[in-house]
Amino acid sequence: MHRFGWTVVAVVLALLANRTVAAADAKSDTQVEIGSSIADFAFKDIRYLPRTLADFGDKQAYVIVFTNIDCPLVKRYLPRLAELDREYRERGVQFLAVNAAAGDSILEIAYQAVKADAEFPFAKDFNGEVVRALGVERTPEVCVLDGQRRLCYRGRINGLYRLGGVFEGRVREDLKLALDDLLAGREVQVAETPVDGCLITLPSEPQPSSEVTYASHVAGLMKKHCQECHQPNTTAPFALLSYDDVKNNGEMIAEVVREQRMPPCYASDEQAEIVNRKEMTPEERDQVIAWVRGGMPLGDPSKLPEPIKAREGEWEIGTPDLIVEAPKPVKIPADGIVEYKYLLLPHVFKQDTWVQKIEILPGNHAVVHHANLAAVNPLGKFSRDAFITGYVPGGTAMMLDPNMAYLIPKGSVLALQIHYVTVGEATTDKIRVGLCFPKEPVYTQVKHFQVHDGSFVIPPGAPHHRSVASLTLKNDSTGLGMFSHMHVRGKDMVFNAIYPDGRNEVLLAIPNYNFDWQMNYRWAPRSKKFPAGTKIQVVAHFDNSKFNPYNPDATKEVREGQQTYEEMMYGFFFYTDDTQKLNIEVDPQTGVEIKKAETAQAGG
């Protein structure tokens with residue numbers, strides 16, 4: 001061979017040798033021997049809370065499977081993992097899926113669990129701590145720890161699925177056999193197996209950068225994503241209107257932005273027609289984090305954008321046309337559970353009244369968890385059948401689009417159902433309701449129905465108890481939006497449209513329901529059409545396990561009830577009836593009809 005050829009071969013062999021050494025060095029960095037005792041590691045659950053294996057309590061074994069959203073083998077193996085979880089749960093085996101992909105959000109992880117109908121917890125390894133603790137390299141690699149956290153098995157689930165296809169012959173059920181050995185008190189016969197799957201890329205923090213400044217980069221992001229809520233006279237814990245506001249909360253902002261907890265969003269992005277989803281792009285998140293890590297420089301003040309115009313006054317809806325106030329303050333004790341309070345507000349609507357904006361405004365935000373508003377007979381009592389709107393954590397006031405309005409029937413009064421919470425000291429609250437009337441003709445009447453299941457019985461310890469209900473649209477309709485309500489065992493809720501032709505569409509998936517962020521989800525005005533006979537189905541799950549950090553008592557059977565330690569399942573669906581053609585002019589000061597045109601306008 002020519003000398004030049006030998007030189008090329010030598011270079012190639014040297015490169016390969018270096019690559020092999022580098023690969024061996026990389027593996028040794030995370031090499032954890034079978035039989036090693038594993039120190040407890042931390043991960044984040046779908047509620048964004050830091051957790052450890054200790055939160056599961058004492059178990060005979062722990063099965064940790066590493067996942068991501070896109071790996072085809074993860075998708076194929078999730079049904080098998082769900083089967084094994086159901087088979088071994090009563091034998092004291094705890095399954096846990098840990099997402100190890102840098103770009104996957106907790107929201108996406110939670111929805112992956114919903115779609116797989118997996119009953120075991122899914123979690124996120126934000127900094128690679130769990131990957132390093134167990135020495136794994138691929139998804140869906142699985143590790144089995146015994147009750148003393150000793151690593152007993154690491155490898156594949158079985159040999160059925162390969163990156164290149166499916167094995168047609170009989171396969172060894174490696175994970176199942178390892179569990180059987182462990183539970184029988186034997187050493188695992190085959191303690192380590194090769195894994196086909198996707199290599200794990202550990203997450204990396206954006207590099208600190210003094211070139212990223214508040215004035216040129218971060219202030220605009222605060223205006224775009226944060227300042228609408230983070231300003232005075234809102235329920236946000238602090239304002240973010242100025243440089244000092246943001247700098248003083250910089251580390252907290254970096255954490256919640258990195259984890260995609262903020263801006264808050266609990267609706268899967270797979271339902272792209274939802275128009276009020278909030279999220280930063282990956283590039284925007286990286287800019288915020290790099291700015292915080294770089295010392296949070298102000299930059300050139302002349303480049304600061306104007307902050308959002310802060311709300312004037314205390315009302316989100318603007319100055320109301322009518323304010324109806326509770327007749328007297330409600331006394332709230334320092335501690336304990338407060339039974340629901342029911343108030344009739346002292347104003348009778350003597351004529352049919354059209355309303356375009358409605359807001360419930362507590363006098364003391366700290367003690368009002370949520371409140372529901374209904375229009376009822378003055379001699380009657382609060383009824384969910386007459387529900388108008390609510391005040392909920394993370395929610396907004398009811399503000400309808402132009403030419404739409406809600407009708408309060410003649411002879412009604414407003415009734416409130418209020419859930420008060422104690423705050424450590426005796427106090428009071430005097431609640432108000434503000435209403436704004438239409439200033440333009442009303443073409444469409446806003447309606448809603450509640451898809452409700454009140455018959456569920458959640459067994460003690462059940463991690464994924466299913467509840468389902470549906471209602472059918474009688475006429476052609478236009479959807480406005482949806483809203484979910486459960487209590488602290490609520491885990492997820494999915495709205496489906498089952499059309500007359502049999503087609504099924506997911507309208508909204510809330511895969512990690514949060515009792516403290518009960519947001520509404522809307523379509524663009526007049527964009528979402530449903531033919532008569534469409535069934536709106538709601539499927540929800542409850543987590544009554546000990547791993548649910550908000551569960552009052554995992555040993556109790558749970559049924560429907562008003563208190564937080566009981567449960568509810570309500571899916572609210574807001575719409576207009578396309579067969580109803582209105583053209584009503586109302587008095588803008590009173591909301592009372594003053595003229596009905598001879599020719600009705602189509603408002604759908």
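Applying the condition of being in contact with a helix residue (DSSP H, G or I) (Cβ under 8 Å, 6 or more places away or on another chain) and among the hydroxyl-bearing types (Ser, Thr, Tyr) to region 260-307 and asking which residue is surrounded by the most Cβ atoms within 10 Å (Cβ to Cβ) yields 268.
Going through (1) touching a Ser or Thr at 6+ places or on another chain (Cβ under 9 Å); (2) closer than 17 Å to residue 196 by Cα one by one, residue 165 falls short only on (1). Take residue 103 and decide whether it is over 27 Å from the mean Cα position of the chain (by Cα) and assigned to a loop (DSSP other than H, G, I, E, B). So residue 103 does not fit the description; no. Within region 493-509, does at least one residue satisfy the condition of being among the hydroxyl-bearing types (Ser, Thr, Tyr), in contact (Cβ under 8 Å) with a residue 60 or more places away in the chain and surrounded by fewer than 20 Cβ atoms within 10 Å (Cβ to Cβ)? No, region 493-509 contains no residue that is among the hydroxyl-bearing types (Ser, Thr, Tyr), in contact (Cβ under 8 Å) with a residue 60 or more places away in the chain and surrounded by fewer than 20 Cβ atoms within 10 Å (Cβ to Cβ).
Just to be sure before I move on: is residue 433 under 24 Å from residue 517 (Cβ atoms) and in contact (Cβ under 8 Å) with a residue 24 or more places away in the chain in the structure I sent? It is true that residue 433 is under 24 Å from residue 517 (Cβ atoms) and in contact (Cβ under 8 Å) with a residue 24 or more places away in the chain.
Yes/no matrix, rows are residues, columns are (1) part of a loop (DSSP other than H, G, I, E, B); (2) in the same structural domain as residue 562 (by TED's automatic domain parsing); (3) free of Cβ contacts under 8 Å to residues at least 60 places away in the same chain; (4) under 29 Å from residue 388 (Cα atoms):
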| position | (1), (2), (3), (4) |
| --- | --- |
| 286 | no, no, no, no |
| 290 | no, no, no, no |
| 310 | yes, no, no, yes |
| 328 | yes, no, no, yes |
| 359 | no, no, no, yes |
| 363 | yes, no, no, yes |
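Might you let me know whether region 45-55 holds any residue that is of a type in the set (Val, Ile, Thr) and touching a Ser or Thr at 6+ places or on another chain (Cβ under 6 Å)?
So far as region 45-55 goes, no, none of its residues is of a type in the set (Val, Ile, Thr) and touching a Ser or Thr at 6+ places or on another chain (Cβ under 6 Å).
For region 79-100, the set of residues classified as crowded, with 22+ Cβ neighbours inside 10 Å and either out of contact with any strand residue (DSSP E or B) (no Cβ under 8 Å at 6 or more places or on another chain) or assigned by TED's automatic domain parsing to the domain that holds residue 271 (or both) is empty. Note on region 129-157: among residues that are touching a Ser or Thr at 6+ places or on another chain (Cβ under 9 Å) and either part of a loop (DSSP other than H, G, I, E, B) or in the same structural domain as residue 461 (by TED's automatic domain parsing) (or both), the one that is nearest to residue 506 (Cα to Cα) is 140. With respect to the conditions (1) of a type in the set (A, V, I, L, M, F, W, C); (2) closer than 28 Å to residue 40 by Cβ; (3) free of Cβ contacts under 8 Å to residues at least 12 places away in the same chain, residue 166 falls short on a single one, namely (2).
This table checks each residue for (1) at pLDDT 95 or above; (2) outside any strand (DSSP E or B); (3) hydroxyl-bearing (Ser, Thr, Tyr); (4) surrounded by fewer than 22 Cβ atoms within 10 Å (Cβ to Cβ).
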{"residue": "396", "(1), (2), (3), (4)": "no, yes, yes, yes"}
{"residue": "402", "(1), (2), (3), (4)": "no, yes, no, yes"}
{"residue": "405", "(1), (2), (3), (4)": "yes, no, no, no"}
{"residue": "417", "(1), (2), (3), (4)": "no, no, no, yes"}
{"residue": "423", "(1), (2), (3), (4)": "no, yes, no, yes"}
{"residue": "428", "(1), (2), (3), (4)": "yes, no, yes, yes"}
{"residue": "433", "(1), (2), (3), (4)": "yes, no, no, no"}
{"residue": "449", "(1), (2), (3), (4)": "no, no, no, yes"}
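Could we say that residue 480 is more than 26 Å from residue 563 (Cβ to Cβ), touching a Gly at 6+ places or on another chain (Cβ under 9 Å) and in a strand (DSSP E or B) here? So residue 480 fails the test. It is to be established whether one or more residues within region 163-177 are of a type in the set (A, V, I, L, M, F, W, C), under 36 Å from the mean Cα position of the chain (by Cα), at pLDDT 95 or above and on the phi < 0 side of the Ramachandran plot. Taking every residue of region 163-177 in turn, at least one turns out to be of a type in the set (A, V, I, L, M, F, W, C), under 36 Å from the mean Cα position of the chain (by Cα), at pLDDT 95 or above and on the phi < 0 side of the Ramachandran plot.
Can you tell me which residues in region 521-559 are within 22 Å of residue 119 (Cβ to Cβ), part of a strand (DSSP E or B) and not small (Gly, Ala, Ser)? Reasoning before the result, please.
From region 521-559, those within 22 Å of residue 119 (Cβ to Cβ) are 537-559; that's our starting set.
Filter again for part of a strand (DSSP E or B), leaving 537-542, 558.
Answer for region 521-559, where residues must be within 22 Å of residue 119 (Cβ to Cβ), part of a strand (DSSP E or B) and not small (Gly, Ala, Ser): 537, 538, 539, 541, 542, 558.
Scanning region 62-94 for residues that are among the β-branched types (Val, Ile, Thr) and within 26 Å of the chain's Cα centre (by Cα), we see that the one that is farthest from residue 107 (Cα to Cα) is 63. Given 157, 69, which one is without any contact (Cβ under 8 Å) to a residue 60 or more places away in the chain and more than 23 Å from residue 55 (Cα to Cα)? 69 is the lone residue from the list that is without any contact (Cβ under 8 Å) to a residue 60 or more places away in the chain and more than 23 Å from residue 55 (Cα to Cα).
Just one of (1) in contact with a Phe, Trp or Tyr (Cβ under 8 Å, 6 or more places away or on another chain); (2) buried (at least 20 other Cβ atoms within 10 Å of the Cβ); (3) farther than 30 Å from residue 243 by Cβ fails for residue 219. It is (3). Within region 178-199, the only residue that satisfies the criterion of being under 38 Å from the mean Cα position of the chain (by Cα) and polar (S, T, N, Q) is 193. Here the condition is being assigned to a helix (DSSP H, G or I), among the charged types (D, E, K, R) and either loosely packed, with under 14 Cβ neighbours inside 10 Å or out of contact with any Gly (no Cβ under 8 Å at 6 or more places or on another chain) (or both); of 244, 196, it holds for 244 alone. What do you reckon, is residue 54 outside any strand (DSSP E or B), surrounded by fewer than 18 Cβ atoms within 10 Å (Cβ to Cβ), assigned by TED's automatic domain parsing to the domain that holds residue 142 and among the hydrophobic types (A, V, I, L, M, F, W, C)? Yes, satisfied.
Would you please name the residue that is farthest from residue 291 (Cα to Cα), looking only at residues in region 212-241 that are touching a Leu at 6+ places or on another chain (Cβ under 7 Å) and outside any helix (DSSP H, G or I)? So, considering only residues that are touching a Leu at 6+ places or on another chain (Cβ under 7 Å) and outside any helix (DSSP H, G or I), the one farthest from residue 291 (Cα to Cα) is 231.
Among the residues that make up region 385-403, is at least one of them acidic (Asp, Glu) and in contact (Cβ under 8 Å) with a residue 40 or more places away in the chain? Looking for residues that are acidic (Asp, Glu) and in contact (Cβ under 8 Å) with a residue 40 or more places away in the chain, one finds at least one in region 385-403, hence yes.
The values are calculated or read from the model by the stated rules, or taken from the named source; none is laboratory data. All values reported here derive from a predicted model rather than from experimental measurement. Cβ sites come from the backbone with ideal geometry, for glycine too, and all protein chains shown count toward neighbours.
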